[in-house]
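S.K.: Sharing a structure below in structure tokens format, with a few things to ask.
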Amino acid sequence: MTAFRLACVLACALTFGSVAGVHPAAAQMTVKVVVNDLPITSYDIAQRAALLKLTVRPPNPTQAAIDELIQERLQFQEAGRMGVKVPDSQVNQAFDSIAQRVKLTPAQLGQVLAQAGSSAAELKSRLRTQLMWGEVVRKKFRGSGGVSDQDVVRALAAKGTGNISHKTVEWDLVKITFVVPAKTAAAGRPARMTEAEQLRARFTSCEQGIPLARGLPAVVVKPLGKRMESDLPKPMIEILNSIPVGHLGKPDNGENGIDMIAVCGRRELASDAAARAEMRDELTNEQGNLAARRYLRDLQRNAVIEYR
């Protein structure tokens, strides 16, 4: 579904109320499927079916929900086996990005999902599994072949874009972390978040702000150096584009505390690196999607799936 179409559906949901017509509280909590000892309840199915009705609109939402949840249970189990975890901050960022694309606040998106019979928690669960599975696939197939420079050149030539020069952006970045000790993480983060916001308000240039940050207690300043647009994921590019040069981005929960990124420089460069990187990503995604489908098919073939 395009962002425009989803925006229209969500806008209508906000105006006219429930899309699914059934609140998840009405679903009975009975186990319908067991996947390698992990249950899928009627409540799980109702929530996912409501989410699918709102987004992809399959012809049989209930069956599509069951199929998707079975796959997710297998993906979740494999992620656990490989020690793959996704922090809440990454899941929340993905959720907020969806809300932004459809021109809603995260709270409004949660409201729409609830009115449709699903929930923000359900969408976040789906996003978490997708992020975990992506990392599982990367770990599983890291170093197994890959896309060569010749593959990229041939693909660009086939598209007729092999000799086109593109613009790319180079950023000079600095990471600032307000450290939160692990033993006081839950209690200490709100206070550190406030300190980070205070620094952000006072940070008007890197020349003035970096020394200021270094003078604060338990703050780590780490230069990240020059980073090209072609080397960064799209969510990070969107964040960097929203930060004026000489200022700090919004604080976010990180592994060791509260993280912020300072943009200390930005310039446009003439390069075909962006086109090459985009094509490499496209070819890598094609290979990865094929490998992931085979991987999931094998997991499903070897799984014990019981329908009740």
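Any read-out appearing in this document is the output of simple, stated calculations on the displayed coordinates, not a laboratory observation. Remember, it's a predicted structure, so these values are computed and weren't measured experimentally. Using ideal geometry, Cβ is built from the backbone for each residue, glycine included, and neighbour counts are taken over all protein chains shown.
S.K.: Hey, what do the phi angles of region 279-290 turn into as Karplus ³J(HN,Hα) couplings, whole Hz, using 6.51/-1.76/1.60 and θ = phi - 60°, x for Gly and Pro?
M.R.: Calculated HN-Hα couplings, in order: 5, 4, 4, 4, 5, 5, 5, 4, 5, x, 5, 5 Hz.
S.K.: Between Val31 and Asp298, what FRET efficiency follows from the Cβ-Cβ distance if R0 is 30 Å, with the result rounded to 0.05? Don't skip to the end; give the middle numbers.
M.R.: Numbers: r = 25 Å, r/R0 = 0.85.
Between Val31 and Asp298 the formula returns 0.75.
S.K.: Dipole of region 24-127, Cα-centred, from +1 at each Lys and Arg C-beta and -1 at each Asp and Glu C-beta, to the nearest 20 debye?
M.R.: With only Lys, Arg, Asp and Glu charged at Cβ, the dipole is about 240 debye.
S.K.: Neighbouring Cβ atoms within 10 Å as the yardstick, rank Arg267, Arg142 fewest first. Before the final figure, lay out each step's value.
M.R.: On the way: Arg267 11, Arg142 8.
Final ranking by Cβ density, sparse to dense: Arg142, Arg267.
S.K.: Could you list which residues have their amide H under 5 Å from that of Lys32, counting only those 5 or more apart in sequence or on another chain, with H placed in the peptide plane?
M.R.: Ile40, Thr41, Ser42
S.K.: What distance in nm separates the two pseudo spin-label positions at Ser89 and Ser119, each 7 Å out from Cα along the beta-carbon direction?
M.R.: A separation of 2.6 nm, rounded to one decimal place.
S.K.: When the convex hull of the Cα atoms of region 31-77 is projected onto a plane and the area is averaged over all directions, what value comes out in nm²?
M.R.: 3.0
S.K.: Related question: By the gyration tensor of its Cα atoms, with a ≥ b ≥ c the square roots of the eigenvalues, what is the shape of region 166-270: rounded for a/c under 1.5, prolate for a/b over b/c, or oblate?
M.R.: Taking the square roots of the gyration eigenvalues as a ≥ b ≥ c, region 166-270 is prolate.
S.K.: Sticking with this structure for a sec: Taking the number of other C-beta atoms within 10 Å as the exposure measure, put Met29, Met236, Met82 in order starting with the fewest.
M.R.: Lowest count first: Met29, Met82, Met236.
S.K.: Find how many whole Å separate the alpha carbon centroid of region 74-94 from the alpha carbon centroid of region 235-258.
M.R.: 22
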